[in-house]
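Single-structure report; data block below.
The values are calculated or read from the model by the stated rules, or taken from the named source; none is laboratory data. This is a predicted model, so every value here is computed, not measured. Cβ sites come from the backbone with ideal geometry, for glycine too, and all protein chains shown count toward neighbours. The accessibility values were calculated without ligands, DNA or RNA, using every heavy atom of the protein model including side chains. Shrake-Rupley method; radii C 1.70, N 1.55, O 1.52, S 1.80 Å.
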Amino acid sequence: MTLLDPYEQEPDIAASISKSAAEIGTDAIMLGGSTGVTQDILDATVVAIKKVVDIPVILFPTAASAVSLKADAIYFMSLLNSRNPKFLLGEQMKAAALIKKSGLEPISMGYIIVEPGMEAGMVGEAELVRKDDVNTAIGYSVAGELLGMKLIYLEAGSGAPEPVPSKLITGVSQAIDIPLIVGGGIRTPEAAMAAVKAGADIIVTGTIVEEEGVSERFKQIVRAIKA
Ligand code: 1GP
């Protein structure tokens, strides 16, 4: 899945990146960013992207203010290792009734931030899972599954110098029976392949398209994952 921050480019640019990414084989466009995403910008970006792609546009929200009813789906997510109740259930409470009525598909997801966590870790006030702490990662992930979540997302943070370690991915993927998303710091085909081999079901990349657009390297990443 390709992650775009609606604040980083104009809607028409987001649409053209999404179109190229979809042509190469990305399976969904995720829209999110740690700060500053407002509904207006989000709406305009979703509309522009949906005009040019058939793949799902999924919101990856930080707060209740970042909800666009024009998207296909929204991660109804909880930052399981946040110290702040706002990210556990507070923002969700504010948007839940509206989302339920709206027809926007909620996809229940447990979000877990691993070192170094980057901006997501800071903004989300995460008690970061240490890179070598497989048991804590498993504990949060299985807790999410038992709470009824449909996906677990292991996040190293956008722009992380290193992705989530393979050992952590393997530990979690063997402990849960729901799909595992892995993202943060994946910017080579080798890193993407290592995450898939370790047990990731879905890979998210953001920085690579932000920096290079839909480059040859991005193509190789998608190809490596699909292979
Ligand atoms: C952030 O995991 C995603 O939520 C993407 O990370 O920007 O490092 O690809 P990158």
- Looking across the stretch 90-131 at residues that are more than 16 Å from VAL182 (Cα to Cα) and of a type in the set (D, E, K, R), the single one that is farthest from the chain's Cα centre (by Cα) is LYS101
- Note on the structure: So, first residue free of Cβ contacts under 8 Å to residues at least 40 places away in the same chain in the stretch 201-216, second residue open to solvent by 30 Å² or more (accessible area, probe 1.4 Å) and within 11 Å of the ligand (Cβ to nearest atom), Cβ within less than 7 Å, six or more apart or across chains; the pairs are ILE208/ARG187
- Task: Filter the stretch 199-225 down to residues that are more than 21 Å from PHE60 (Cβ to Cβ) and either among the polar types (S, T, N, Q) or within 18 Å of the chain's Cα centre (by Cα) (or both), then give me how many there are.
- Result: 3
- Test set (1) of a type in the set (S, T, N, Q); (2) open to solvent by less than 40 Å² (accessible area, probe 1.4 Å); (3) in contact (Cβ under 8 Å) with a residue 40 or more places away in the chain - SER68 fails condition number: (3)
- Do you know which residues across the stretch 1-30 are at pLDDT below 95, away from the ligand (no atom under 13 Å from the Cβ) and crowded, with 19+ Cβ neighbours inside 10 Å? PRO6
- Test: LYS219 is under 11 Å from THR26 (Cβ atoms) and surrounded by fewer than 18 Cβ atoms within 10 Å (Cβ to Cβ): yes
- Note on the stretch 167-195: residues hydrophobic (A, V, I, L, M, F, W, C) and either in a loop (DSSP other than H, G, I, E, B) or more than 16 Å from the ligand (Cβ to nearest atom) (or both) are ALA175, ILE176, ILE178, ILE186
- Message: Regarding the stretch 31-52, can at least one residue be identified that is open to solvent by less than 20 Å² (accessible area, probe 1.4 Å) and assigned to a strand (DSSP E or B)?
- Response: yes
